[in-house]
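Below is one structure, written out as structure tokens, with a few remarks after it.
The values are calculated or read from the model by the stated rules, or taken from the named source; none is laboratory data. These numbers come from a predicted model, not from an experiment. Areas reflect the complete protein model, heavy atoms only, side chains present, ligands, DNA and RNA absent. Shrake-Rupley method; radii C 1.70, N 1.55, O 1.52, S 1.80 Å.
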Amino acid sequence: MNRDDDFERVMRAVVEPVRRYLARRTDPATEDDVTSETLLVLWRRLDDVPADAIPWAIGVARLQLANAERSQRRQRRLFTRIATVDPPQDVRDHAEGDAGYILDAVARLRGKDAEIVKLWAWDDLDLSQIATVLDISVNAATIRLHRARAKLREEIGKDAPVLGHTGVKEGETA
């Protein structure tokens, strides 16, 4: 096989997981830009891509997204110098109804805790893949995920709707 065939094979394997990863973290335009930048890095570093390319590619996308976000922050600072900008509206993209409290709980987590929970729950990565994406050991990923899940349970408990019986005793009315 030649380099073009190798690239196409790896690209087909990683493009959808990378898009799903980015779709949950940024707007569609940035998603497209970061996906393109990730594929460019994939092409340039094709010889460095491991056999399990998905976590490696998500790790690259994560770094590219951080670069894009830094660029956007610089642009916003420039725009605020030039003119007053209306603040963006808070729009909930992922949930409606009762599940919204779970997303609110995830949003209240620290950045690193939210990221590892999203990699585990949304992107369906196992601990070794999460470790690759975050460039940490599997042991560190295990510990961080355990702690982040505990914090998420606490946050969900703050907002979760009360289900089941609410303490009405026999002979009382609700």
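Among V60, V106, which is the only one that is at pLDDT 85 or above and not acidic (D, E)?
When all the criteria are applied, what remains is V60.
This table checks each residue for (1) modelled with pLDDT under 90; (2) in a helix (DSSP H, G or I); (3) under 21 Å from R25 (Cα atoms).
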{"position": "V91", "(1), (2), (3)": "yes, no, yes"}
{"position": "Y101", "(1), (2), (3)": "yes, yes, yes"}
{"position": "A114", "(1), (2), (3)": "yes, yes, yes"}
{"position": "L125", "(1), (2), (3)": "yes, no, yes"}
{"position": "I143", "(1), (2), (3)": "no, yes, no"}
{"position": "A148", "(1), (2), (3)": "no, yes, yes"}
{"position": "K158", "(1), (2), (3)": "yes, yes, no"}
{"position": "V162", "(1), (2), (3)": "yes, no, no"}
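Identify all residues within region 15-59 that are among the small types (G, A, S) and open to solvent by 30 Å² or more (accessible area, probe 1.4 Å); write none if there are none.
Result: A23, A29, S36, A51.
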